[in-house]
Amino acid sequence: MSDITVRYRYADTPLGQLHYAEAGEGEPIVLLHQTPRSLDEFAELQPLLAGRRRVIAMDMYGFGQSAKPSAPQTIEQYAAGVLALADALDLGAFAVLGHHTGMFVASEIASSVPDRVTAAILSAAQYADAEFRATHTDPKVDTAQTQGDGSHLLQLWASRQCLYPADRPDLLNRCIRDTLAPGIDPREGHLACARYVMEDRVERVTAPVLLLAATEDSVSYPHTEKVAKAYINAQSVEVYEVEGGMIPLMELKAPEIATVVLDFLERVGG
């Protein structure tokens, strides 16, 4: 891994400039982050995958240093951003890994261009059906009106602190930094998930699917079985439980995730 160089670039696309990081050679895999994160979410994982793959981590359309669509934002818009980047990089077919919001985007890509997705790794998966949409209309974790005394920063920290390990404030620092990036509206990212009509899309997914289920992620873990049953036309559906995994799964469990993902891709030819 010491020889792995991660290069940061912008790609010109019809949607505007999209920011991405690239490392490694071989069959491509695209990494898609959660709200309100950026490609930084994969800083630990990307070099581990790049020893055997061409790995592209991107600031999704609407996040980080990439172009921003206007509200209301949708999963379909985010997916269009991924495909715009894939076209700009001449990727052709590729595997995709998405975490939380990125998981919905990865699933949408696999449903919209099944001939281009060789494998879908869905991390922290939830099932955005009518019940989900009805209960995810108010993402309180993003509610903090800017105050002159900076108290909104403490409010943002406190709203997420229970979701992060107590001994890793550095990880929450990185999340808050992405939350405050210019042009970012974390609330829109979460509402995009709530707007997604997933039940109309999952049956179109034909690629092999791997679900990464973090056992200490109270937001997503209870959905695992329901999601696994939804991909009825996927070539295969596997579930891997990450013991002790939390919402910052990619940072906390990067070596384990890399091993599982690479083994899966080798087995399914993704």
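The values are calculated or read from the model by the stated rules, or taken from the named source; none is laboratory data. What you see is a predicted model; the values in this text were computed from it and never measured. Cβ placement follows ideal geometry from the backbone for every residue including glycine, while neighbour counts extend to all protein chains displayed.
A few remarks follow.
- With a requirement of 1 or more residues that are of a type in the set (Gly, Ala, Ser) and surrounded by 18 or more Cβ atoms within 10 Å (Cβ to Cβ), the helices (runs of 4 or more DSSP H) lying completely within the stretch 207-270 that satisfy it span 224-230, 254-268.
- Any chance Ser70 is surrounded by fewer than 24 Cβ atoms within 10 Å (Cβ to Cβ) and over 13 Å from the mean Cα position of the chain (by Cα): yes
- Any hit, the stretch 48-65, residues being of a type outside the set (D, E, K, R), crowded, with 24+ Cβ neighbours inside 10 Å, in contact (Cβ under 8 Å) with a residue 60 or more places away in the chain and outside any loop (DSSP other than H, G, I, E, B): yes
- Only a single item in (1) at pLDDT below 95; (2) in contact with an Asp or Glu (Cβ under 9 Å, 6 or more places away or on another chain) is not met by Thr118, and it is number (1).
- Any chance Asp87 is in contact (Cβ under 8 Å) with a residue 24 or more places away in the chain, farther than 25 Å from Glu199 by Cβ, among the charged types (D, E, K, R) and exposed (fewer than 15 other Cβ atoms within 10 Å of the Cβ): yes
- Long-range neighbours under 6 Å by Cβ, at least six apart or interchain, first residue farther than 12 Å from Pro47 by Cβ within the stretch 6-25, second of a type in the set (Phe, Trp, Tyr) and not in a strand (DSSP E or B): Leu15/Tyr61
- Residue match in the stretch 3-14 (condition: out of contact with any Asp or Glu (no Cβ under 8 Å at 6 or more places or on another chain), over 18 Å from Ala119 (Cβ atoms), assigned to a loop (DSSP other than H, G, I, E, B) and among the hydroxyl-bearing types (Ser, Thr, Tyr)): yes
- Within the stretch 17-47, restricting attention to residues that are in a loop (DSSP other than H, G, I, E, B) and under 11 Å from the mean Cα position of the chain (by Cα), the residue that is farthest from His190 (Cα to Cα) is Ser38.
- Residues of the stretch 78-125 satisfying the condition of being polar (S, T, N, Q) and either more than 14 Å from the chain's Cα centre (by Cα) or under 12 Å from Val30 (Cα atoms) (or both): Ser111, Ser112, Thr118
- Members of the stretch 192-216 that are closer than 23 Å to Ala144 by Cα and either over 15 Å from the mean Cα position of the chain (by Cα) or of a type in the set (D, E, K, R) (or both): Ala194, Arg195
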